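The values are calculated or read from the model by the stated rules, or taken from the named source; none is laboratory data. Because the structure is predicted, anything quoted here is derived from the model rather than measured. Because the Cβ atoms are built from the backbone with ideal geometry, glycine has one as well, and the counts that use them run over all protein chains shown.
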Amino acid sequence: MTDEELKDFEDYFSEFEAIPTFDAETCRICGISLSDSLSVNRVPLVELQFEDELSAAKAVNILESNGIKSKKSSSGKEKILIPEQKLNEVKAILKS
């Protein structure tokens, strides 16, 4: 680009001069912590095995009706995965 063409973009380029710099974990303008907003949450899962696929499907329905999410295990249709921190709650629900 020539100098003449660049003059048309001076207003656009000047916007980038006003961008705040980050020298800390928390943004001074919005207060968002960068490390908190960029972190990846990992949830350990526990695999539960049932007698058959039908029993596993019933368990999934019961857990969902109680607000507990689960998903099918890739190691078998009679197995499901639940969050580890919900294990005791799941046991109590499925025993009743």
Taking interchain pairs and intrachain pairs at least six residues apart, which have beta carbon atoms under 9 angstrom, with the first residue in the range 78-96 and more than 13 Å from Lys58 (Cβ to Cβ) and without any contact (Cβ under 8 Å) to a residue 60 or more places away in the chain and the second surrounded by 15 or more Cβ atoms within 10 Å (Cβ to Cβ) and among the aromatic types (Phe, Trp, Tyr)? Lys79/Phe50
List, please: which pairs have Cβ atoms under 7 Å, are six or more places apart or on different chains, and start with a residue in the range 51-69 that is under 18 Å from Asn88 (Cα atoms) and end with one that is among the small types (Gly, Ala, Ser) and surrounded by 11 or more Cβ atoms within 10 Å (Cβ to Cβ)? Val60/Ser70; Leu63/Ser70
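Considering only residues of the range 31-49 that are exposed (fewer than 10 other Cβ atoms within 10 Å of the Cβ) and modelled with pLDDT of 65 or more, which is farthest from Glu78 (Cα to Cα)?
Here is the first cut: in the range 31-49, the residues exposed (fewer than 10 other Cβ atoms within 10 Å of the Cβ) are 31, 35-42, 44.
Subset that is modelled with pLDDT of 65 or more: 31, 35, 42, 44.
Details: Gly31: 47, Ser35: 39, Arg42: 24, Pro44: 20 Å.
Ranking the qualifying residues of the range 31-49, first place goes to Gly31.
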Among the residues of the range 50-58, is there at least one that is touching an Asp or Glu at 6+ places or on another chain (Cβ under 7 Å), assigned to a strand (DSSP E or B) and modelled with pLDDT under 95? no
